[in-house]
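Worksheet for the structure shown next.
The values are calculated or read from the model by the stated rules, or taken from the named source; none is laboratory data. Bear in mind the structure is a predicted one, so any value in this text is a computation, not a measurement. Counting neighbours? That spans all protein chains shown, and the Cβs are built from the backbone with ideal geometry, glycine included.
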Amino acid sequence: MRVRVLGSAAGGGFPQWNCNCPNCDGVRKGTIKASPRTQSSIAISSDNINWLLFNASPDILAQFQRFPELQPGRAIRDTAVKGIVLMDAQIDHTTGLFMLREGKVPLNIYCTGMVHEDLTQGNPIFNVLEHFCGVSWHQVPTAPGSTFEVDGITDIRITAVPLSSKAPPFSPHRHDPHEGDNIGIQLEDTRTGKKLFYAPGLAAIEPHLLPFMQQADCLMVDGTCWTNDEMRALGISEKLSLDMGHMPQSGPGGMIEALGRLPAARKILIHINNTNPILRDDSDEREILHQEKIEVAFDGMDFSL
(Lines give C-alpha, C1' and ligand atoms only; values in the text may rest on other atoms or scores of the structure.)
Protein backbone atom coordinates (compact mmCIF):
# COMPACT_ATOMS: atom_id res chain seq x y z
CA MET A 1 0.00 0.00 0.00
CA ARG A 2 1.39 3.35 -1.06
CA VAL A 3 0.48 6.52 0.82
CA ARG A 4 0.84 10.01 -0.61
CA VAL A 5 0.29 13.14 1.47
CA LEU A 6 -1.41 15.64 -0.84
CA GLY A 7 -1.83 18.26 1.87
CA SER A 8 -0.70 18.38 5.49
CA ALA A 9 -2.06 21.64 6.95
CA ALA A 10 -5.23 22.34 8.88
CA GLY A 11 -8.03 24.54 7.53
CA GLY A 12 -6.71 27.69 5.90
CA GLY A 13 -3.39 26.12 4.92
CA PHE A 14 0.04 27.50 5.72
CA PRO A 15 0.48 30.41 5.49
CA GLN A 16 -3.16 31.29 6.03
CA TRP A 17 -4.27 34.10 3.75
CA ASN A 18 -5.22 36.59 6.50
CA CYS A 19 -2.82 35.54 9.26
CA ASN A 20 0.27 37.40 10.44
CA CYS A 21 1.20 35.12 13.30
CA PRO A 22 4.97 34.53 13.61
CA ASN A 23 4.73 31.37 11.52
CA CYS A 24 2.69 32.79 8.64
CA ASP A 25 4.57 36.09 8.53
CA GLY A 26 7.90 34.29 8.76
CA VAL A 27 7.26 31.78 5.96
CA ARG A 28 6.03 34.56 3.64
CA LYS A 29 9.15 36.63 4.27
CA GLY A 30 11.50 33.65 4.30
CA THR A 31 12.73 34.51 7.80
CA ILE A 32 11.93 31.11 9.33
CA LYS A 33 12.89 27.62 8.30
CA ALA A 34 9.51 26.25 7.24
CA SER A 35 7.69 25.11 4.11
CA PRO A 36 4.21 26.16 2.94
CA ARG A 37 1.52 23.49 3.17
CA THR A 38 -1.89 22.96 1.61
CA GLN A 39 -4.98 21.72 3.46
CA SER A 40 -4.98 18.12 4.57
CA SER A 41 -5.69 15.19 2.27
CA ILE A 42 -4.03 11.88 1.48
CA ALA A 43 -4.25 9.41 -1.40
CA ILE A 44 -3.57 5.67 -1.25
CA SER A 45 -3.02 2.99 -3.89
CA SER A 46 -2.38 -0.74 -3.92
CA ASP A 47 -1.11 -0.88 -7.52
CA ASN A 48 0.32 2.61 -8.26
CA ILE A 49 -2.34 2.97 -10.97
CA ASN A 50 -5.67 3.45 -9.20
CA TRP A 51 -5.99 5.86 -6.30
CA LEU A 52 -8.38 6.53 -3.42
CA LEU A 53 -8.56 10.05 -1.99
CA PHE A 54 -9.31 10.87 1.62
CA ASN A 55 -10.99 14.28 1.72
CA ALA A 56 -11.12 16.88 -1.04
CA SER A 57 -9.58 20.11 0.19
CA PRO A 58 -10.02 23.56 -1.38
CA ASP A 59 -6.42 23.13 -2.60
CA ILE A 60 -7.18 19.99 -4.60
CA LEU A 61 -6.28 21.41 -8.03
CA ALA A 62 -2.79 22.41 -6.86
CA GLN A 63 -2.44 19.00 -5.19
CA PHE A 64 -3.33 17.22 -8.45
CA GLN A 65 -0.81 19.31 -10.36
CA ARG A 66 1.95 18.35 -7.93
CA PHE A 67 1.14 14.66 -8.20
CA PRO A 68 0.77 13.76 -11.90
CA GLU A 69 -0.02 10.11 -11.15
CA LEU A 70 -3.58 11.20 -10.39
CA GLN A 71 -3.87 12.18 -14.06
CA PRO A 72 -2.58 9.27 -16.17
CA GLY A 73 -3.69 10.79 -19.48
CA ARG A 74 -5.05 7.58 -21.04
CA ALA A 75 -7.89 9.44 -22.74
CA ILE A 76 -9.01 12.98 -23.54
CA ARG A 77 -10.77 13.10 -20.16
CA ASP A 78 -9.27 10.79 -17.55
CA THR A 79 -8.46 10.33 -13.87
CA ALA A 80 -6.79 7.72 -11.71
CA VAL A 81 -9.14 8.52 -8.81
CA LYS A 82 -11.58 5.70 -8.17
CA GLY A 83 -13.28 7.19 -5.15
CA ILE A 84 -13.19 9.79 -2.40
CA VAL A 85 -13.68 9.02 1.29
CA LEU A 86 -14.84 11.97 3.41
CA MET A 87 -13.79 11.85 7.05
CA ASP A 88 -16.31 14.56 7.99
CA ALA A 89 -18.31 17.38 6.40
CA GLN A 90 -15.92 20.24 7.27
CA ILE A 91 -15.36 22.91 4.60
CA ASP A 92 -11.60 22.24 4.44
CA HIS A 93 -12.28 18.57 3.65
CA THR A 94 -15.12 18.91 1.13
CA THR A 95 -14.97 22.16 -0.85
CA GLY A 96 -12.55 20.61 -3.35
CA LEU A 97 -15.41 18.46 -4.64
CA PHE A 98 -16.60 21.52 -6.58
CA MET A 99 -13.29 21.52 -8.46
CA LEU A 100 -13.99 17.98 -9.72
CA ARG A 101 -17.37 18.87 -11.21
CA GLU A 102 -16.25 18.43 -14.86
CA GLY A 103 -16.14 14.64 -14.58
CA LYS A 104 -17.93 12.53 -17.17
CA VAL A 105 -19.36 10.17 -14.55
CA PRO A 106 -20.73 10.80 -11.05
CA LEU A 107 -18.13 11.16 -8.31
CA ASN A 108 -17.87 8.01 -6.20
CA ILE A 109 -18.09 9.44 -2.70
CA TYR A 110 -17.92 7.37 0.47
CA CYS A 111 -19.14 8.95 3.71
CA THR A 112 -21.37 8.30 6.68
CA GLY A 113 -25.06 9.03 6.74
CA MET A 114 -24.49 12.03 9.00
CA VAL A 115 -21.95 13.56 6.63
CA HIS A 116 -24.33 12.92 3.72
CA GLU A 117 -27.07 14.74 5.64
CA ASP A 118 -24.82 17.75 6.26
CA LEU A 119 -23.76 17.88 2.60
CA THR A 120 -27.33 17.78 1.32
CA GLN A 121 -28.88 20.10 3.92
CA GLY A 122 -26.55 22.33 5.92
CA ASN A 123 -24.04 22.85 3.09
CA PRO A 124 -25.68 21.19 0.05
CA ILE A 125 -22.55 20.46 -1.97
CA PHE A 126 -24.00 17.18 -3.23
CA ASN A 127 -27.14 18.96 -4.47
CA VAL A 128 -25.07 21.49 -6.43
CA LEU A 129 -22.95 18.72 -7.98
CA GLU A 130 -26.12 17.13 -9.38
CA HIS A 131 -26.16 20.02 -11.86
CA PHE A 132 -22.71 18.94 -13.09
CA CYS A 133 -21.17 15.46 -12.82
CA GLY A 134 -23.44 14.18 -10.06
CA VAL A 135 -22.63 12.09 -7.00
CA SER A 136 -22.74 8.35 -6.50
CA TRP A 137 -22.99 8.06 -2.71
CA HIS A 138 -21.78 4.97 -0.88
CA GLN A 139 -22.67 4.89 2.81
CA VAL A 140 -19.72 4.15 5.07
CA PRO A 141 -20.63 1.67 7.81
CA THR A 142 -19.47 2.39 11.35
CA ALA A 143 -20.98 -0.55 13.25
CA PRO A 144 -18.36 -2.60 15.15
CA GLY A 145 -16.81 -5.26 12.92
CA SER A 146 -18.03 -3.72 9.66
CA THR A 147 -15.65 -3.06 6.77
CA PHE A 148 -15.94 -1.87 3.20
CA GLU A 149 -13.99 -1.81 -0.06
CA VAL A 150 -13.86 0.59 -2.99
CA ASP A 151 -14.32 -0.64 -6.55
CA GLY A 152 -11.04 -0.38 -8.42
CA ILE A 153 -8.90 -0.30 -5.26
CA THR A 154 -7.81 -3.90 -4.87
CA ASP A 155 -6.48 -5.61 -1.76
CA ILE A 156 -7.38 -2.77 0.61
CA ARG A 157 -9.86 -3.42 3.40
CA ILE A 158 -11.27 -0.30 5.07
CA THR A 159 -12.70 0.04 8.55
CA ALA A 160 -14.38 3.27 9.65
CA VAL A 161 -14.25 4.08 13.36
CA PRO A 162 -16.55 6.78 14.81
CA LEU A 163 -14.82 9.58 16.69
CA SER A 164 -16.17 12.05 19.22
CA SER A 165 -16.42 15.42 17.54
CA LYS A 166 -18.70 18.30 16.69
CA ALA A 167 -20.48 18.55 13.37
CA PRO A 168 -19.54 21.63 11.28
CA PRO A 169 -21.00 25.05 12.20
CA PHE A 170 -23.48 24.83 9.31
CA SER A 171 -24.80 21.43 10.41
CA PRO A 172 -28.45 21.18 11.55
CA HIS A 173 -27.14 19.24 14.56
CA ARG A 174 -24.04 21.31 15.36
CA HIS A 175 -24.79 21.19 19.10
CA ASP A 176 -26.18 17.67 19.09
CA PRO A 177 -23.31 15.30 18.17
CA HIS A 178 -24.14 12.07 16.35
CA GLU A 179 -22.11 8.98 15.60
CA GLY A 180 -20.63 9.42 12.14
CA ASP A 181 -20.01 13.18 12.31
CA ASN A 182 -16.31 12.37 12.21
CA ILE A 183 -14.46 9.12 11.60
CA GLY A 184 -11.02 7.60 11.75
CA ILE A 185 -10.01 5.05 9.14
CA GLN A 186 -8.04 1.81 9.31
CA LEU A 187 -6.58 0.75 5.97
CA GLU A 188 -5.37 -2.83 5.75
CA ASP A 189 -3.36 -4.24 2.86
CA THR A 190 -4.81 -7.75 2.70
CA ARG A 191 -1.72 -9.08 0.89
CA THR A 192 0.78 -8.06 3.55
CA GLY A 193 -1.41 -7.46 6.60
CA LYS A 194 0.09 -3.97 7.04
CA LYS A 195 -2.22 -1.39 8.57
CA LEU A 196 -2.47 2.40 8.54
CA PHE A 197 -4.69 4.27 10.99
CA TYR A 198 -5.63 7.73 9.71
CA ALA A 199 -7.41 10.33 11.87
CA PRO A 200 -6.71 13.99 10.99
CA GLY A 201 -9.31 15.10 13.55
CA LEU A 202 -9.02 13.47 16.96
CA ALA A 203 -10.46 14.97 20.13
CA ALA A 204 -9.63 12.03 22.39
CA ILE A 205 -8.27 8.51 22.20
CA GLU A 206 -11.38 6.68 23.29
CA PRO A 207 -11.30 3.05 24.46
CA HIS A 208 -12.82 1.70 21.24
CA LEU A 209 -10.01 3.33 19.23
CA LEU A 210 -7.17 1.69 21.11
CA PRO A 211 -7.28 -1.71 19.36
CA PHE A 212 -7.03 -0.03 15.96
CA MET A 213 -4.20 2.22 17.05
CA GLN A 214 -2.35 -0.62 18.77
CA GLN A 215 -2.55 -2.80 15.65
CA ALA A 216 -1.36 -0.07 13.29
CA ASP A 217 2.03 -0.26 11.58
CA CYS A 218 1.68 3.46 10.89
CA LEU A 219 -0.35 6.08 12.72
CA MET A 220 -1.17 9.31 10.87
CA VAL A 221 -3.09 11.42 13.36
CA ASP A 222 -4.18 14.89 14.43
CA GLY A 223 -1.35 17.41 14.72
CA THR A 224 -3.41 20.60 14.85
CA CYS A 225 -2.09 22.45 17.91
CA TRP A 226 0.95 22.14 20.16
CA THR A 227 -0.83 23.48 23.25
CA ASN A 228 -4.49 23.62 24.15
CA ASP A 229 -4.43 27.44 24.41
CA GLU A 230 -2.16 28.04 21.40
CA MET A 231 -4.54 30.32 19.48
CA ARG A 232 -5.65 32.15 22.63
CA ALA A 233 -2.04 32.88 23.60
CA LEU A 234 -1.42 34.46 20.19
CA GLY A 235 -4.55 36.60 20.46
CA ILE A 236 -6.12 34.91 17.43
CA SER A 237 -9.12 33.20 18.99
CA GLU A 238 -10.64 32.38 22.35
CA LYS A 239 -11.20 28.78 21.23
CA LEU A 240 -9.11 26.07 22.78
CA SER A 241 -7.75 23.18 20.75
CA LEU A 242 -10.03 20.73 22.55
CA ASP A 243 -13.02 23.03 21.93
CA MET A 244 -12.38 22.57 18.21
CA GLY A 245 -12.15 18.79 18.54
CA HIS A 246 -8.37 18.43 18.40
CA MET A 247 -6.03 16.93 21.01
CA PRO A 248 -3.04 19.19 21.69
CA GLN A 249 0.33 17.52 21.31
CA SER A 250 2.00 18.65 24.53
CA GLY A 251 1.08 18.42 28.19
CA PRO A 252 -0.56 15.71 30.31
CA GLY A 253 -2.96 13.64 28.26
CA GLY A 254 -1.65 15.13 25.01
CA MET A 255 -0.90 13.38 21.74
CA ILE A 256 2.82 12.90 22.48
CA GLU A 257 2.03 11.11 25.71
CA ALA A 258 -0.62 8.96 24.01
CA LEU A 259 1.60 8.01 21.07
CA GLY A 260 4.39 7.04 23.45
CA ARG A 261 2.25 4.14 24.65
CA LEU A 262 1.60 2.78 21.17
CA PRO A 263 3.88 0.35 19.30
CA ALA A 264 3.48 1.61 15.70
CA ALA A 265 6.70 1.64 13.68
CA ARG A 266 5.83 5.09 12.27
CA LYS A 267 3.97 7.91 13.97
CA ILE A 268 3.11 10.93 11.85
CA LEU A 269 1.26 14.14 12.69
CA ILE A 270 -0.97 15.67 10.00
CA HIS A 271 -3.57 18.49 9.84
CA ILE A 272 -1.15 21.01 11.35
CA ASN A 273 -2.48 24.45 12.20
CA ASN A 274 -0.63 27.51 10.90
CA THR A 275 0.09 28.60 14.49
CA ASN A 276 1.80 25.36 15.53
CA PRO A 277 5.56 25.77 16.22
CA ILE A 278 6.26 22.26 14.85
CA LEU A 279 5.96 23.80 11.38
CA ARG A 280 9.42 25.28 11.98
CA ASP A 281 12.07 22.74 11.08
CA ASP A 282 14.45 24.04 13.75
CA SER A 283 12.01 24.72 16.61
CA ASP A 284 12.43 23.27 20.08
CA GLU A 285 9.03 21.64 19.66
CA ARG A 286 10.16 19.87 16.50
CA GLU A 287 13.20 18.58 18.38
CA ILE A 288 10.93 17.18 21.09
CA LEU A 289 9.00 15.28 18.42
CA HIS A 290 12.27 14.02 16.94
CA GLN A 291 13.32 12.68 20.33
CA GLU A 292 9.95 10.94 20.62
CA LYS A 293 10.33 9.51 17.08
CA ILE A 294 7.25 11.33 15.85
CA GLU A 295 7.30 12.71 12.31
CA VAL A 296 5.62 15.83 10.90
CA ALA A 297 3.79 15.31 7.63
CA PHE A 298 4.58 17.57 4.68
CA ASP A 299 3.04 18.01 1.26
CA GLY A 300 4.49 15.38 -1.07
CA MET A 301 5.42 12.94 1.71
CA ASP A 302 5.31 9.50 0.08
CA PHE A 303 5.84 6.08 1.60
CA SER A 304 4.76 2.45 1.35
CA LEU A 305 3.56 -0.06 3.90
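Quick notes on this structure:
- Residues satisfying the criterion are absent from region 160-171 (criterion: aromatic (F, W, Y) and modelled with pLDDT of 95 or more).
- Failed item in (1) exposed (fewer than 14 other Cβ atoms within 10 Å of the Cβ); (2) at pLDDT below 95, with G180 passing the rest: (1)
- All conditions in (1) of a type outside the set (S, T, Y); (2) surrounded by fewer than 19 Cβ atoms within 10 Å (Cβ to Cβ); (3) farther than 25 Å from L242 by Cα hold for G122, with the sole exception of (3).
- Residue check: I49 meets all listed conditions (1) under 17 Å from D302 (Cβ atoms); (2) out of contact with any Leu (no Cβ under 8 Å at 6 or more places or on another chain); (3) of a type outside the set (K, R); (4) touching a residue at least 40 places away in the same chain (Cβ under 8 Å) but one, namely (4).
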